[in-house]
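Read the structure below first, then the notes.
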Amino acid sequence: MFGIFRYMNNTTTDYGADVDRLDIDGRTYFLIGTAHISRESADLVRRVIETEKPDTVCVELDRQRYKALMEQKRWENLDLKSVIREKQLSTLLINLLLGSYQKRMGAKLGVMPGVELLEAAKAAAEQNTPVELCDRDVRITLKRAWGALGFWEKMQFLSSVLASVFTEEEISEEKLREIKEKDALNEMMRELGEAMPRLKTAIIDERDAYIAEKMRRAPGAKIVSVVGAGHKQGIVDLLRNGATTDLEAIETLPRPSPWPKIIGWGIPVIILASIGWIGYHKGLAAAGDNMLFWFLANGIPSALGALAALGHPLAVLSAFVGAPFTSLTPVIGAGYVAAFVQAYFVPPRVHEFQSVAEDAGVFKMWWRNRLLRIFLVFILSGLGSALGTWLGVGKIIGAALG
């Protein structure tokens, strides 16, 4: 037998509508729905923990995000070259863009994003109460979300994220009050989820199920859980219905589509076979001309992309030289090569690491902040190489068939 009870003045402390109490199978759960950029949410979290003295405090964080919040110098300690070598630059970029949106909203409220989650950890530590990190690894969430989207949905998602980062709208007092009452990032994701249900499944629904299951497994008879307002109702429903979740199933990365690999290896096979065919039927001079066209068609757009990003001359040169060869293998892209060279010769300064989340929301700072310029070199040189690849494929296949 279980039920959900709002706190009433005549029974216990009245925490307001942001706190739900669930009594389930002899255990009591307190769910606090917060906004990640609200000082009021942080104060409420501390008040509930200090008043209720729970056995365990659950927070909507994974180990990576918890470490990021606790270590304010995380950007300065970032081994950027290792990130590039491991081909994690695109994942880092999406994290940065999403974090920039929240930080910009938080700046307007004078609050650091995630302050209420830090407050929960601090209040728990003061009472020697264990803290459970109940959210799924953010990298798994992003990869599952990305893998679930089709090509045009991916483009729509990226454009929505970029629009949220670069929009410089004035926020009214009414809007500020609304933001305080909601989890701004989750609200943005919910809006995207209405247009792209598969995105909502990975970013909202699966995480609701994950957090609810981790709460069930948390030790103790009294649990306080701090989650974004956008997750609270979903978690309440899952706990209320008693539905269990196989965590391993939703921690598994989706099997990648074979088509990118087929296309990735198919292009070099087609290009090399076409040049060989041209050489056999039209002579070595014709084959050489097509090889030169492939080199220039890939190298020039990629180098122009790096140049447009104001990349280091050697980064521009590496894009020019590397693109024709990286386009013949799916193992690494021209953008990673150029970005690595850029990071090596123009490493970001400490203050640029510190200000990157704020700078990401200012268009011109993508050229001024050295860390953001590395991302820009990565993006623009990669786009140039992709454009050159399709130009080269069309020209060389046409020459082989002509």
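All of the numbers you see were taken from the coordinates with simple rules; none came from a lab. Every value quoted in this text rests on a predicted model; they were computed, and no experiment measured them. Backbone-built Cβ (ideal geometry, glycine too); neighbour counts: all protein chains shown.
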A student applying the Cα gyration tensor rule (rounded when a/c is under 1.5; otherwise prolate if a/b is larger than b/c, oblate if not) would label the range 241-363 oblate
Highest mean packing first, using Cβ neighbours within 10 angstrom, the peptides 393-402, 118-127, 280-289, 252-261 sort as 118-127, 393-402, 280-289, 252-261
On full extension of the chain, what length is gained from Ile24 through Thr244, given 0.36 nm per residue of separation minus the C-alpha to C-alpha distance? 77.8 nm
Full-extension gain in nm, Arg85 to Ala221, via 0.36 nm per residue minus C-alpha separation: 44.4 nm
Give the residue list of trypsin sites (Lys or Arg not before Pro) in the range 330-372 that are DSSP loop and have at most 16 other beta-carbon atoms within 10 angstrom. Arg349, Lys364
Under-5 Å amide H pairs with Gly228, H placed in peptide plane, nonlocal only: Thr34
Assuming R0 = 41 Å, what is the FRET efficiency of Lys67 and Trp390, from their Cβ-Cβ distance, to the nearest 0.05? 0.50
Phi-based couplings in Hz for the range 206-219 (Karplus 6.51, -1.76, 1.60; Gly and Pro marked x): 5, 6, 4, 5, 5, 5, 4, 5, 5, 5, 4, 8, 5, x
In nm, what is the difference between 0.36 nm times the number of residues separating Trp265 and Glu40 and their Cα-Cα distance? 75.6 nm
Relative contact order for the range 258-401, counting Cα pairs under 8 Å that sit 6 or more residues apart, in percent: 34
Once label points are set 7 Å from the Cα along Cα→Cβ at both Ala17 and Ile397, what is their separation, rounded to one decimal in nm? 5.8
